[in-house]
1. Please work out which residue is modelled with the highest pLDDT, limiting yourself to segment 3-21 and to residues that are of a type in the set (D, E, K, R) and loosely packed, with under 15 Cβ neighbours inside 10 Å.
2. Could you count how many residues in segment 20-34 are touching a residue at least 24 places away in the same chain (Cβ under 8 Å) and either not assigned by TED's automatic domain parsing to the domain that holds L68 or not small (G, A, S) (or both)?
3. Being in the same structural domain as A180 (by TED's automatic domain parsing) and either assigned to a loop (DSSP other than H, G, I, E, B) or surrounded by fewer than 22 Cβ atoms within 10 Å (Cβ to Cβ) (or both) is the requirement here; does L229 meet it?
4. Tell me which of these A49 doesn't satisfy, since it passes every other one: (1) out of contact with any Ser or Thr (no Cβ under 9 Å at 6 or more places or on another chain); (2) assigned to a helix (DSSP H, G or I).
5. Considering only segment 261-277, how many residues are surrounded by fewer than 21 Cβ atoms within 10 Å (Cβ to Cβ) and either modelled with pLDDT under 90 or part of a helix (DSSP H, G or I) (or both)?
6. What is the number of the single condition among (1) surrounded by 14 or more Cβ atoms within 10 Å (Cβ to Cβ); (2) more than 24 Å from the chain's Cα centre (by Cα); (3) among the β-branched types (V, I, T) that T47 does not meet?
7. Among what's in segment 86-109 and is more than 18 Å from R120 (Cα to Cα) and among the basic types (K, R), pick the residue that is modelled with the highest pLDDT.
Amino acid sequence: MSEPAEAVEMRAALLRLRRATGIPIAFGGLLHDAQRLRIAQLSGAQTSALQGLSICAGNGLGGKSIALSRPCAVTDYHEARHISHEYDGPVLAEGLRSVLAVPVVVRRKVRGVLYGALRRPVPLGDRTFDEAVAAARDVEQALVVRDEVQGLLSMARDPRMGPAVWEEVREVHGELRALAPRVSDPVLRGQLLAVCGRLALAGAPTRVLVDPESARAGVALAPREVDVLACVAAGSTNAAAAERLGLRPETVKGYLRAAMRKLGAHTRLEAVVAARRAGLLP
C-alpha cells in the first residue's frame, strides 16, 4: 500500500529544512482531529522518543503554536516559562534545547506543525525561521492540492453532476498538468501527475474505470502531448497553450500533430474525444 501523499510531502519538507539551515533535527505531523497532533515524521532523530508523540492544542511548544496559529520558539526548552511542560521527557531524551514550531495553516485552519531544533541553548536565527515557514508553506500547498482534487473527484463520481462542474474538473486538470513540469521536487511532481491521472479516469467510460491499464495499452501519449490536449480540451488556442505551458507555438503544434496521429484523429475535437475515451483526459 502506497504511503499517503501528505506524509511524503511532510518528510520532504523536513529534509529540505535541515539542508537549508543546517539544523540537526526536524520533525512534525498532521492533526488527526481539531485539537490533537501526532508526530509521525522525523529527520535527524537519534532516538525514537518523539515518534508517535501526541500533542494537544495548548500544551507544550507545538500545542501553543496550534492554539495561536503562529510560529513559536524557545531558546532552552527545559527552562522555558511561557510554555507548559507535559512533553519534557521525550524532548529531553532526544537532547533538544532550542526549538521552533511552525503551524501548517490551510484556509485559516491549523492542519499540522513542523519543528526544527538544536541540541544546544542558542537562539534560532531569522534564516531558520524563514526556511521553516517556507517548509510549512510547501506542506500547506500540497494539502490544498489534495483537498481540491478530492473534492473534484467526489464531484466527478456523482452521476447528477452537470456540465458546468465537469468543465471545472477539466479546467483544474489542465492547470495541474501545466503546473507539474515546473515543480522542482520530483516527489511532489509525481503526486501532481498521479492526481491528474485520477481526475482523467473519473470521467472515463466504465470499461476504463474497471481496467484502466488495458484501456490505455493501445494509446501511449508522451506527457507533453497530454498537456497540450488538456489545454485544447479547455478551449485554448495553440498560442494560449504555448503561453500556459511555457513552450513555443510551433512546439505545441508538433505535440498536437503527434497526439492526433497516435489517437487516429483528424481534428482537434476528435483528438480530445478519443483521449477522454482512453482515460487520458477527464
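The values are calculated or read from the model by the stated rules, or taken from the named source; none is laboratory data. Bear in mind that the values here come from a model prediction, so they are computed numbers and not experimental data. Heads up, the Cβs are rebuilt from the backbone with ideal geometry, glycines too, and the neighbour counts pull from every protein chain shown.
1. Looking only at segment 3-21, we keep the residues that are of a type in the set (D, E, K, R), and these are 3, 6, 9, 11, 16, 18-19.
With loosely packed, with under 15 Cβ neighbours inside 10 Å added as a condition, the list becomes 3, 19.
On the way: E3: 52, R19: 94.
So the residue we want is R19.
2. So the answer is 7.
3. When the stated conditions are applied, L229 does not pass them.
4. Answer for A49: the failing condition is (2).
5. 9
6. (1)
7. Looking at residues that are more than 18 Å from R120 (Cα to Cα) and among the basic types (K, R), I get K109.
For every residue, the table says whether it meets (1) within 26 Å of the chain's Cα centre (by Cα); (2) buried (at least 18 other Cβ atoms within 10 Å of the Cβ); (3) closer than 16 Å to V105 by Cα.
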| site | (1), (2), (3) |
| --- | --- |
| L42 | yes, yes, no |
| Q51 | yes, no, no |
| A57 | yes, yes, yes |
| G60 | no, yes, no |
| G63 | yes, yes, yes |
| L68 | yes, no, yes |
| C72 | yes, yes, yes |
| Y77 | no, yes, no |
| H82 | no, no, no |
